[in-house]
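Just so it is clear, none of the values below were taken in a lab; they were calculated from the coordinates. What you see is a predicted model, and the numbers here were worked out from it, not measured in a lab. Counting neighbours? That spans all protein chains shown, and the Cβs are built from the backbone with ideal geometry, glycine included.
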Amino acid sequence: MKGFLSTNDKVHCCGCESCKQVCAHDAITMVEDEEGFRYPKIDKSKCVNCGLCKLVCSYESEIKKHSEEKYVFGGYHKSIDVRDKSTSGGAFTAIVEAFCDDNYVIFGAKSEGLNVYHDYVESKNEIDAFRKSKYSQSNMQESYKQVKEFLQKGKKVLFSGTPCQISALEKFLMKTDRKNLLTVEVVCEGVPSPHYVKKLDDYFNKKYNSRIKSLDYRYKKTKKFFKTVYGHWDFQVMSIVLNNGKHLKKDRWFNPFWKLWLEHLMSRPSCYECLFATSDRCADITLGDLWGVHLYCPELYGDNLGCSLVIGNSDKGKSIIKNAEKFMFGHKLDFNTALKYQSPMRKTINTNEKREDFLKDLCDERMTYKKIVKKWYKKPSLKLLWSKYIWGNRQKICFWNLKNRKRGIKNGESN
Ligand SMILES: Cc1cc2nc3c(=O)[nH]c(=O)nc-3n(C[C@H](O)[C@H](O)[C@H](O)COP(=O)(O)OP(=O)(O)OC[C@H]3O[C@@H](n4cnc5c(N)ncnc54)[C@H](O)[C@@H]3O)c2cc1C
């Protein structure tokens, strides 16, 4: 297969930026297209045709993946505070805790307003900025170069990102010694066009005279009712804080973002043919939500505060996970069962034939956020609301417990 630099076909560019970072002549810049996705552009006057940009492209040569037997763990961090601040069950924090000794750096995705970018920290106490999934493609800055420099200086490096970013780093490092490197990827269902949140920002600016200061796609703030703890992990609440201090929240089924994105109306073209949507993985460790937890291990549902799927792909990854387990509640899981609930590890996302029309509207300056939502977003049906809110996972588990307690079956045991 050939990459975008050879074919100019956008399906063959995941925007990982390895070509830009490897170019010693600064001949490559990343340029936003009309849909808001960034693609490399070569300045012919600076290019010396060395071919390095193609050498580090995941589309141009074979991608090395771990195909050995996996070690799978499901669970959540022992600290409620960590779970509150994390997307899933806080496994990322447990992995960092297990990895760090005294000479390390940690790379991950940060956000400032709507801007998402990769950066590093030199203390595990500063990983808060990496916590929480930012559902937007991260600008990689100089991160692959920095990883290489740190490894050459003998530092331990934990690099986290999407699967395509991990593959990009692996290609970029070429012959660099990787013994001090741990790669951690998130399961990824693709990245949406950044125009959506820009339109949302314009809408708030018009309505409240203030722009978005911070955006949390998976707000979980714990509530306590008498002695019971309640979270909203399943409802994927989006929380937005504006510069004027206004705090807005919207949950999963009433939020046009989740509906439109998960219908695959605005994903990056390459995500529809993702090279990484397989059970063999590039990274040492894969992290995701433990979807299906209420069906096959309800004892890990944990008050709806989030649960993590943690997969060790390499020996290095497996040994770190085993060390990280002391920071978590949970247990070993069967890989094939977990895989059933993780479609991004089995197949690419479906193409939506309306994508082109939707993006035309999204990119049209005359189409405001309100107009887009009115045209494209359908409110949830009563049937769906019943099954999600009234007869939701929490209620299903309570019912399961009551029914099985009478029959003497404990949580997690199959009948
Ligand atoms: C774009 C995207 C799509 C995802 N899709 C799925 C999915 O379909 N199914 C599923 O089970 N899980 C998915 N995830 C992963 C999931 O949302 C959690 O990130 C993961 O389970 C880790 O949660 P945690 O509680 O362990 O860690 P947290 O502490 O919340 O850690 C977040 C981790 O995600 C990384 N990260 C955050 N945003 C980005 C970004 N924009 N680009 C690269 N890395 C980022 C951080 O560097 C950090 O390593 C997705 C994540 C992203 C970023």
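Here is how the numbers come out for the structure above:
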| item | result |
| --- | --- |
| Extension reserve of the Met30-Lys332 stretch, reckoned as 0.36 nm per residue once the Cα distance is removed | 104.5 nm |
| Restricting region 309-415 to trypsin sites (Lys or Arg not before Pro) in coil, as DSSP defines it, with at most 15 other Cβ within 10 Å | Arg346, Lys347, Lys354, Arg366, Lys378, Arg407, Lys410 |
| Electrostatic dipole magnitude of region 208-287 [Cβ: Lys, Arg +1; Asp, Glu -1; Cα centre; debye, to 20] | 720 |
| Cα-based Rg and Dmax for region 4-55, where Dmax is the largest Cα-Cα distance (Å) | 10.5, 31 |
| Region 202-292: Lys pairs at Cα distance under 12 angstrom, eight or more positions apart or on different chains | 5 |
| At most 14 other Cβ within 10 Å, DSSP loop - trypsin sites (Lys or Arg not before Pro), region 1-46 | Lys2, Lys44, Lys46 |
| Test item: Cα-centred dipole of region 4-55, Lys/Arg +1 and Asp/Glu -1 on Cβ, debye | 280 |
| Distance (nanometres) between label positions extended 7 Å along Cα→Cβ at Ser123 and Lys206 | 4.5 |
| Top positive-direction residue, dipole computed over the chain with Cβ charges, set Ser387, Asn125, Phe4 | Ser387 |
| For region 9-15, 3J(HN,Hα) per residue [Karplus equation, 6.51 cos²θ - 1.76 cosθ + 1.60, θ = phi - 60°, Hz, x = Gly/Pro] | 9, 5, 5, 9, 8, 8, x |
| At R0 = 35 Å, FRET efficiency that the Cβ-Cβ distance of Lys54 and Lys322 yields, to 0.05 | 0.35 |
| Excluding exposed DSSP-loop chymotrypsin sites (Phe, Trp or Tyr not before Pro) (at most 12 other C-beta within 10 Å), longest clean stretch of the chain | 1-225 |
| From the C-alpha gyration tensor of the chain, square roots of 5λ in Å | 34, 28, 20 |
| Low-density loop positions, GluC sites (Glu not before Pro), region 8-39 - DSSP coil, at most 11 other Cβ in 10 Å | Glu34 |
| Per-residue Cβ neighbour rank within 10 angstrom, fewest leading, Leu114, Leu300, Leu309 | Leu114, Leu300, Leu309 |
| For region 179-242 versus region 326-373, the gap between their alpha-carbon centres in whole angstrom | 15 |
| Gap separating the Cα centres of region 96-168 and region 1-78, nearest whole Å | 18 |
| Dipole moment magnitude, nearest 20 debye, region 141-224 about Cα centre, only Lys, Arg, Asp, Glu C-beta charged | 460 |
